[in-house]
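Derivation of every value follows stated rules applied to the coordinates shown; laboratory data play no part. Computed from a predicted structure; not experimentally measured. So basically every Cβ, Gly included, is an ideal-geometry build from the backbone, and we count neighbours across all protein chains shown.
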Amino acid sequence: MNEINEAYELAKKAYGRLGVDTDKVLDALKEVKISLHCWQGDDVAGFLFKDQALSGGIQVTGNYPGAARNVKELRQDMEKALSFIPGRHKVNLHAIYADTEEKVDLDQLEPRHFEGWVEWARQQGLGLDFNPTCFSHTKADSGFTISSGDNEIRDFWIRHCSKSRRIGEYFGRELGQTCVTNFWFPDGYKDIPVDREAPRQRMKSALDQVFSEKIDARYNIDAVESKVFGIGTESYVVGSNEFCLGYAIRNNKAVCLDAGHFHPTEVISDKIATVLMFTDQLLLHVSRPVRWDSDHVVIMDDELNQIAQSLVRSKLLDRTHIGLDFFDGSINRIAAWVIGSRNMIKALLKAMLEPAGELKKLELEGDYTSRLAMLEELKTYPFGAVWDYYCKAMNVPVKEAWLAEVKKYEKDVLSGR
């Protein structure tokens with residue numbers, strides 16, 4: 001391990017010549033929390049409705065062995081994944097992952113149905129985030145939930161979303177970490193609608209009812225998430241970007257930007273600083289869309305780096321909640337968590353190691369030649385040595401050493417499921 005320390009000292013000197021203190025960068029990185037999405041562990045099946053097929057435009061491909069079959073197995077798998085991810089983080093739950101043997105529908109869920117999750121999170125030193133599950137349910141079969149023209153269906157989803165906020169507040173109060181409760185709805189039409197306004201009026205009215213109950217913002221933050229299209233809603237989605245952004249700004253809610261919920265060539269990295277000019281909080285669902293909202297495992301590509309740069313260069317990390325959102329059933333699910341999470345943290349580290357002040361100064365002075373030259377040279381600076389040192393300091397495997405442990409866990413545990 002001496003070589004890791006030696007490489008870090010060399011990297012520290014290299015970045016130091018640029019005015020970057022790597023020790024301070026690593027101290028700051030320790031404070032960043034990534035919200036690890038539970039639904040990667042079982043292909044978005046959940047535990048409330050065992051025989052309910054996926055709906056709402058959600059698809060998971062692949063049948064890799066070892067998907068979690070119950071709450072105990074899911075927590076065990078997440079603990080294994082988190083042991084390879086540096087830092088203290090959060091876990092993001094959907095309502096269908098309630099820890100209960102009780103037969104309960106979504107509109108009847110209470111904090112007591114998640115007591116097991118809270119106790120587990122407390123033991124692990126984790127925070128919890130939450131999402132109402134407005135898909136994969138018989139009352140979502142029409143393609144409409146909270147914007148439905150059927151009063152009974154719409155009221156069901158209003159009740160579910162209202163209960164979800166109380167559950168989020170419960171998480172935040174019990175764990176001492178603010179819960180972000182995110183609202184996404186699959187509502188829309190496959191073909192071109194005649195009336196584009198009425199469903200959005202119904203959604204606005206329904207959300208007004210959901211958010212009418214006062215919830216302590218110290219414990220729960222509400223976020224609304226848009227989408228441009230989905231399977232079954234190719235022509236029209238009620239909760240469009242314009243709708244969600246407008247609603248959030250007017251009603252002091254956070255906006256959720258999902259990397260896969262825009263046009264195939266549109267990116268969220270350029271939206272971050274702009275949205276935070278008009279909202280207090282931002283939620284990110286970091287994914288990797290390949291041609292559409294395919295939710296591939298996050299890799300360290302240009303867009304991931306640019307998302308991290310947007311957050312770091314404009315000093316927006318303290319107002320942004322970073323969650324991952326992908327589900328790949330074609331590879332080891334624990335490895336998917338580890339790869340995606342480590343890449344998100346790596347991208348943040350790389351952005352933190354930039355001499356952002358100097359780069360901004362060059363830009364303001366119009367010295368675009370120096371700006372380009374510096375940005376290109378930074379690409380080969382030894383950030384990998386700083387990453388390895390960080391992993392070692394945080395007692396997680398360095399480089400690909402974690403993979404052998406995942407393979408052993410697959411052989412010893414997952415293969416028996």
**Study point:** Additional length obtainable on full extension of the chain from residue 108 to residue 150, 0.36 nm per residue less Cα span
**Key:** 13.2 nm
Review point. For the range 1-114, how many pairs of lysine residues have a Cα-Cα distance under 15 Å, where the two are 8 or more positions apart or belong to different chains?
Key: 7
Check your understanding: Which of 38, 65, 153 sits closest to the plus end of the dipole of the range 33-354, meaning its Cα is farthest towards the positive end, when Lys and Arg get +1 and Asp and Glu get -1 on the C-beta?
Key -> 38
Check your understanding: If the chain between residue 69 and residue 374 were fully stretched, how many nm would it gain, using 0.36 nm times the residue separation less the Cα-Cα distance?
Key -> 104.8 nm
Point to revise | Nonlocal amide H pairs with residue 37, under 5 Å, H built at 1.01 Å | key: 92, 324
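Convex hull over the alpha-carbon atoms of the range 1-121: what's its volume per residue in Å³? Walk me through the numbers before you get to the answer.
Numbers: hull volume 22.5 nm³, N = 121.
Output value, Cα hull per residue: 186 Å³.
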Practice item. Find how much the distance from residue 399 to residue 300 grows on full extension, using 0.36 nm per residue of separation minus their present alpha carbon separation; answer in nm with one decimal. Key: 34.2 nm
Review point. With θ set to phi - 60° and the Karplus curve 6.51 cos²θ - 1.76 cosθ + 1.60, what are the ³J(HN,Hα) couplings of the range 179-194 in order, to the nearest whole Hz, using x for Gly and Pro?
Key: 8, 9, 9, 10, 10, 10, 10, x, 3, x, 10, 6, 10, 5, x, 7
Check your understanding: So which aspartates and glutamates can residue 253 reach, going by Cα to Cα under 17 Å and dropping same-chain residues fewer than 8 places off?
Key -> 129, 169, 208, 213, 216, 222, 225, 242, 280, 318
**Study point:** Estimated vicinal HN-Hα couplings, Hz - the range 377-384 in sequence order (Karplus 6.51, -1.76, 1.60; Gly, Pro = x)
**Key:** 5, 4, 5, 10, 5, x, 5, x
Check your understanding: Which whole-percent values make up P(r) of the range 254-312 when all C-alpha to C-alpha distances are grouped in 10 Å steps starting at zero?
Key -> 23, 58, 18, 0
Exercise for review: Show the residues, 5+ positions off or on another chain, whose built amide H is closer than 5 Å to the amide H of residue 283.
Suggested key: 255, 256, 257, 321
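With charges only on Cβ, +1 for K and R and -1 for D and E, what is the dipole size of the chain about its Cα centre, in debye, rounded to 20?
600 debye
Can you check what the net charge comes to around residue 59, using other residues whose Cβ is under 12 Å from the Cβ of residue 59 (Lys, Arg +1; Asp, Glu -1)? Intermediate values should be presented prior to the final figure.
Details: positive: none; negative: 43, 293, 295, 328.
Net local charge, residue 59 excluded: -4.
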**Study point:** Local electrostatic count at residue 204 - Lys and Arg +1, Asp and Glu -1, tallied over other residues with Cβ under 14 Å
**Key:** +2
Revision key, fill the gap. Listed by chain and number, the residues whose amide H is under 5 Å from that of residue 262, excluding neighbours fewer than 5 places away on the same chain and using placed H, are 228
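Take the eigenvalues of the Cα gyration tensor for the range 105-197, scale each by 5, and report the square roots as semi-axes in whole Å, largest first. Before the final figure, lay out each step's value.
On the way: eigenvalues 194, 33, 21 Å².
The equivalent ellipsoid of the range 105-197 has semi-axes of 31, 13, 10 Å.
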Review point. Lysine pairs in the range 331-417 8 or more apart or on different chains: how many have alpha carbons under 22 angstrom apart?
Key: 16
Study note, to complete from the structure: With only helices counted (DSSP H, runs n ≥ 4, each -39500 (n - 2.57)), the per-residue ellipticity at 222 nm for the chain, to the nearest 500, works out to -13000 deg cm²/dmol
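Summing +1 for each Lys or Arg and -1 for each Asp or Glu, what net charge is found among the other residues whose Cβ lies under 11 Å from the Cβ of residue 118? Let's see the in-between values first.
Details: positive: 112, 122, 173; negative: 99, 115, 119, 174.
Net charge in that neighbourhood comes out at -1.
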Review point. Taking θ as phi - 60°, what are the ³J(HN,Hα) couplings along the range 394-401 by the Karplus curve (6.51, -1.76, 1.60), each to the nearest whole Hz, with x for Gly and Pro?
Key: 8, 6, 10, x, 8, 6, 8, 4
Exercise for review: Could you work out how far the C-alpha centroid of the range 37-96 sits from that of the range 172-220, in angstrom?
Suggested key: 23 Å
